[in-house]
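Heads up: the structure comes next, in structure tokens.
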Amino acid sequence: MQRKGFGYLPPCQAVNDDRWWSKGSDRPSKKEIAVPVANVRCKQRTALVKVWFEAEAGPQRAAIREHSGYFKRLAESKQRQAAALVQFLTADHCLVRPALPPQLDAWR
């Protein structure tokens, strides 16, 4: 970003710039377009999204391993809820039978 003349230091600072949230015009200024273009190019050049993902994924995987029992119970609970929802939505007492999304149709 600095190479393009913008002084945003953390990557998320550009989107939070108060100038982009003013109600003075219904059209973006040239700078309002140039900043996100430079921001995206900077993120692509530095592989920021990949770096962030890798930095966050390690601790998340460790937490999942450490608390695997909790996450297993959580998944089982969600499966029971989905099955109960499908049973309710497809019961004879339902006046309207909605089409089930593919994620729930598997629970019939």
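Each reported figure results from applying straightforward, stated rules to the coordinates on display, with no laboratory input. Quick caveat, the model's predicted, so the values are computed rather than measured. Cβ coordinates were reconstructed from backbone atoms using ideal geometry, including for glycine residues, and neighbour counts include every protein chain displayed.
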Can you tell me the FRET efficiency between LEU74 and PHE53 if r is taken as the Cβ-Cβ distance and R0 is 22 Å, rounded to the nearest 0.05?
0.45
Under 24 Å between alpha carbons, and skipping anything fewer than 8 positions from LYS31 in its own chain: which lysines qualify?
LYS4, LYS23, LYS43
Under 19 Å from LYS72, Cα to Cα: lysines that are on another chain or at least 8 residues apart
none
Using log10 I(q)/I(0) by the Debye sum over Cα atoms at q = 0.11 Å⁻¹ as the read-out, say which of (i) -0.78; (ii) -0.41; (iii) -0.73 was calculated from these coordinates.
(iii)
How high is the relative contact order of the chain, in percent, with contacts defined as C-alpha pairs under 8 Å that are six or more residues apart?
18 percent
Straight-line reach only, C-alpha to C-alpha below 20 angstrom: list the aspartates and glutamates that LYS30 could link to, leaving out same-chain residues fewer than 8 apart.
ASP17, ASP18
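Determine, for CYS42, CYS12, the number of other Cβ atoms within 10 Å of each Cβ, and report the residues in order from fewest to most. Intermediate values should be presented prior to the final figure.
On the way: CYS42 18, CYS12 9.
Fewest to most other Cβ atoms nearby, the residues stand as CYS12, CYS42.
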